[in-house]
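The values are calculated or read from the model by the stated rules, or taken from the named source; none is laboratory data. Treat the numbers as computed from the prediction; the structure is a model and nothing was measured. When we count neighbours, we look across all protein chains shown, and the Cβ atoms used for this are built from the backbone with ideal geometry, even at glycine.
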Amino acid sequence: MGCLLVLRGQIEHRERAKQLIDFSGLRFGKITPTDIDGMIEYKGKAFVYYELKYLNAPVPFGQKIAFEQSVKSHIEAGRQAIVMIVEHEVHDCDEDIMANDCLVREFYQNPKEGWVLPTISITAFDLTQQFLNQV
């Protein structure tokens, strides 16, 4: 039985990736876990979080708070961090979403500035590259 070569970042176990995770049993008061669609740890110096949404789907209030607190914690520890809310328009649920091409709807990097709307159309890849270049 051979091993399939999978490129970094590609979906390795497609059938497993389709399984939904029910966090309802992990309830602590009003708090339940939130999921994160993607994360990069960069050389112990910076962290990038991605949350992908279909078109204008809202980000739950609790999830935004969790992201904000994560960024704040990284900054207090002497690291840099950014959270990007990115949108896709892939209507067919059997079609893959290419995260690098998704447009950034808003991002959070500095608690003093809050959530920022990009002034230009920018992809998740391009904003990530800009962020990592400054680290």
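The figures follow:
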read-out: Per-region count, the stretch 72-92, residues over 17 Å from LEU117 (Cα atoms) and either within 12 Å of the chain's Cα centre (by Cα) or not in a helix (DSSP H, G or I) (or both); value: 8
read-out: Which numbered condition CYS93 misses (of (1) farther than 27 Å from GLU15 by Cα; (2) modelled with pLDDT under 95); value: (1)
read-out: Residue check for ASP22: more than 15 Å from TRP115 (Cβ to Cβ), of a type outside the set (Lys, Arg) and in contact with a helix residue (DSSP H, G or I) (Cβ under 9 Å, 6 or more places away or on another chain); value: no
read-out: When residues of the stretch 30-43 are limited to those that are out of contact with any Phe, Trp or Tyr (no Cβ under 8 Å at 6 or more places or on another chain) and either at pLDDT 95 or above or outside any loop (DSSP other than H, G, I, E, B) (or both), the one nearest to CYS93 (Cα to Cα); value: ILE31
read-out: Output for the stretch 78-116, where each listed residue is without any contact (Cβ under 8 Å) to a residue 24 or more places away in the chain, closer than 16 Å to PHE131 by Cβ and among the small types (Gly, Ala, Ser); value: none
read-out: Residues within the stretch 98-123 that are β-branched (Val, Ile, Thr) and surrounded by 16 or more Cβ atoms within 10 Å (Cβ to Cβ), tallied; value: 3
read-out: Pairs with Cβ under 6 Å, 6+ apart, first in the stretch 20-43 and under 30 Å from LEU132 (Cα atoms), second of a type in the set (D, E, K, R); value: ASP37/GLU51
read-out: Matching residues, the stretch 102-128, being more than 21 Å from ASP35 (Cα to Cα) and not in a loop (DSSP other than H, G, I, E, B); value: VAL116, THR123, ASP126, LEU127
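Residue-wise test of (1) more than 23 Å from GLY9 (Cα to Cα); (2) in contact with a helix residue (DSSP H, G or I) (Cβ under 8 Å, 6 or more places away or on another chain).
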residue: GLU51; (1), (2): no, yes
residue: GLU68; (1), (2): yes, no
residue: HIS74; (1), (2): yes, no
residue: VAL104; (1), (2): no, yes
residue: TYR108; (1), (2): yes, yes
residue: VAL135; (1), (2): no, no
